[in-house]
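The values are calculated or read from the model by the stated rules, or taken from the named source; none is laboratory data. In this text the structure is predicted, and so the values were computed from the model without any measurement. Every residue, glycine as well, gets a Cβ built from its backbone with ideal geometry; the counts of neighbours run over all protein chains shown. Protein only, heavy atoms only, side chains kept; ligands, DNA and RNA dropped before computing areas. Shrake-Rupley method; radii C 1.70, N 1.55, O 1.52, S 1.80 Å.
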Amino acid sequence: MLEIVVGQRGVTRSKRGTFETREIFVGRSDACELHLGDGTVSGVHCRLVAIAGATVVMDEGSTNGTWLNGVRITHPVVVTFVDELRVGPYVLRIQSLAGGSARVSAAQRERPSSTTSPTDSYAVVGPRYWEVLSIGVSSSLQDARAAYHRLIAQYHPDKVAHLGDELRELAARKCREINAAWEQANQACR
């Protein structure tokens with residue numbers, strides 16, 4: 001179980017909620033257990049998994065990143081209630097109510113499909129998501145996921161941060177294209 005306090009920077013009010021499951025998805029999509037309706041939040045932004053005494057947070061390839069105490073996360077990290085998790089304009093304080101030992105698996109639960117339409121933060125990709133991900137037309141969702149992770153690691157803007165503005169913009173554009181292709185593959189392969 002997870003207890004989450006959601007606030008916004010510069011706003012004194014916050015909302016508190018308890019989720020009865022050990023794992024939830026956070027994002028703009030209505031399919032996410034914690035729905036955050038802001039255009040800077042990706043359809044499926046991040047995943048939270050309760051473990052004994054803490055929570056593991058994983059970014060799900062969000063466009064604008066998931067930030068822990070002011071640092072963008074690039075791999076699963078452990079957070080406690082004293083940490084500040086930022087998703088778009090939202091600040092989350094998370095407390096795990098899970099007891100005992102909990103094994104965390106990145107593939108424990110399938111990522112919900114994003115039912116929101118593309119926004120300016122996503123590039124609209126034609127029906128050929130398999131070409132963008134460099135997979136076969138009849139590839140499985142696992143093949144698409146592996147290709148997505150391989151490509152996003154290669155083109156992620158953080159990888160080219162030391163290069164010029166033109167190459168950083170190219171990498172950001174390619175990243176948006178890969179994210180949009182993954183969303184299409186995720187919907188088509190189900």
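Here 43, 10 are screened, and the one residue that is of a type outside the set (Val, Ile, Thr), surrounded by fewer than 20 Cβ atoms within 10 Å (Cβ to Cβ) and within 18 Å of residue 88 (Cα to Cα) is 10. Criterion applied to 66, 18 was being modelled with pLDDT under 95 and among the polar types (S, T, N, Q), and the one residue passing it is 18.
For region 120-137, filtered to residues that are surrounded by 14 or more Cβ atoms within 10 Å (Cβ to Cβ) and either not in a loop (DSSP other than H, G, I, E, B) or not aliphatic (A, V, I, L, M) (or both), the residue that is modelled with the highest pLDDT is 132. Of all residues in region 40-56, those satisfying the criterion of being more than 14 Å from the chain's Cα centre (by Cα) and either more than 21 Å from residue 82 (Cβ to Cβ) or in a strand (DSSP E or B) (or both) are 50, 51, 54, 55.
Residues in region 158-176 that are buried (at least 17 other Cβ atoms within 10 Å of the Cβ) and either among the small types (Gly, Ala, Ser) or at pLDDT 80 or above (or both): 171, 174, 175.
Of all residues in region 23-32, those satisfying the criterion of being outside any strand (DSSP E or B) and surrounded by 18 or more Cβ atoms within 10 Å (Cβ to Cβ) are 28, 29, 32.
In region 57-85, of all residues being part of a strand (DSSP E or B) and free of Cβ contacts under 8 Å to residues at least 24 places away in the same chain, the one that is nearest to residue 182 (Cα to Cα) corresponds to 59. Residues in region 93-106: is at least one buried (at least 16 other Cβ atoms within 10 Å of the Cβ), touching an Asp or Glu at 6+ places or on another chain (Cβ under 6 Å), farther than 22 Å from residue 148 by Cα and modelled with pLDDT under 95? Yes, because at least one residue in region 93-106 is buried (at least 16 other Cβ atoms within 10 Å of the Cβ), touching an Asp or Glu at 6+ places or on another chain (Cβ under 6 Å), farther than 22 Å from residue 148 by Cα and modelled with pLDDT under 95. Can you work out which of the residues in region 138-157 that are among the polar types (S, T, N, Q) and assigned to a helix (DSSP H, G or I) is surrounded by the fewest Cβ atoms within 10 Å (Cβ to Cβ)? Going through the qualifying residues, I end up with 142.
Reported count of residues in region 68-92, each being out of contact with any Ser or Thr (no Cβ under 6 Å at 6 or more places or on another chain), open to solvent by less than 80 Å² (accessible area, probe 1.4 Å), within 21 Å of residue 38 (Cα to Cα) and not aliphatic (A, V, I, L, M), is 6.
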